[in-house]
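Novice: Can you read through this structure? Questions will come right after.
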Amino acid sequence: MLVGVSVAVIAAAFAVLVIYLIKTLLAAKASLEKTTQTLQEIQQTIDELGYEVKQVVRQASDITRDVRHKMEQIDPVMDSVKHLGEALSEITLAAKQASAAVIHKIKRKSESVPARRQSPLLAPANSEERMIESYASTYGRKGKQKKEPGWMKWGDLAVSVWQKFRHE
């Protein structure tokens, strides 16, 4: 009888074990089915995104080609700007050298001519008036009422603008 009860207990334990194992396997089966479904959805989403990514890459390639073409068209303009800058630099250097030569002449001439103004009331008020007076004295226009050449006025204007720009 002890053997019979033991066999019955073993059989009951085995039955309980099989029931829990069946429940676990069913849960695993449901989980695997959900995983399979999710993977199929992900695969479908990746396929759709792959098509869209290809479209974006094509558009980016077209935009890149367009930008490259426009940059090639702008290159001559940039070269022109570079050459213009170099030319302006050379003009500025030439104007600087011409100004230095004029100032040197004026200084030499003022050293050889006795000082004609001693009174501070008769002295020119600002640097522009001094420059005009120095040009007039350099080119011998003390008593004459002739007009100055146009390039000289433009030169004076350019120098004064440059000085104001540099000091600000």
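The values are calculated or read from the model by the stated rules, or taken from the named source; none is laboratory data. Please read all numbers here as calculations on a predicted model, not as lab measurements. As a convention, Cβ positions derive from the backbone with ideal geometry for all residues, glycine included, and neighbour counts pool all protein chains shown. Ligands, DNA and RNA are stripped out before the accessible areas are found, and what is left, the full protein with its side chains, is counted by its heavy atoms. Shrake-Rupley method; radii C 1.70, N 1.55, O 1.52, S 1.80 Å.
Novice: For the stretch 151-163, does any single residue satisfy the condition of being charged (D, E, K, R), open to solvent by less than 70 Å² (accessible area, probe 1.4 Å) and either touching a Gly at 6+ places or on another chain (Cβ under 7 Å) or at pLDDT below 65 (or both)?
Specialist: The answer is no, given that none of the residues of the stretch 151-163 is charged (D, E, K, R), open to solvent by less than 70 Å² (accessible area, probe 1.4 Å) and either touching a Gly at 6+ places or on another chain (Cβ under 7 Å) or at pLDDT below 65 (or both).
Novice: Might you let me know whether the stretch 82-96 holds any residue that is open to solvent by less than 80 Å² (accessible area, probe 1.4 Å), modelled with pLDDT under 80 and touching a helix residue (DSSP H, G or I) at 6+ places or on another chain (Cβ under 9 Å)?
Specialist: Checking the stretch 82-96: not a single residue is open to solvent by less than 80 Å² (accessible area, probe 1.4 Å), modelled with pLDDT under 80 and touching a helix residue (DSSP H, G or I) at 6+ places or on another chain (Cβ under 9 Å).
Residue by residue, here is whether (1) within 42 Å of the chain's Cα centre (by Cα); (2) closer than 30 Å to Gly155 by Cα; (3) not polar (S, T, N, Q) holds:
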position	(1), (2), (3)
Val7	no, no, yes
Ile10	no, no, yes
Leu49	yes, no, yes
Lys54	yes, no, yes
Arg58	yes, no, yes
Ser61	yes, no, no
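Novice: For the stretch 63-101, enumerate the residues that are under 15 Å from Trp162 (Cβ atoms) and either under 20 Å from the mean Cα position of the chain (by Cα) or not charged (D, E, K, R) (or both).
Specialist: Across the stretch 63-101, the qualifying residues are Leu88, Ser89, Ile91, Thr92, Leu93, Ala94, Ala95, Gln97, Ala98, Ser99, Ala100.
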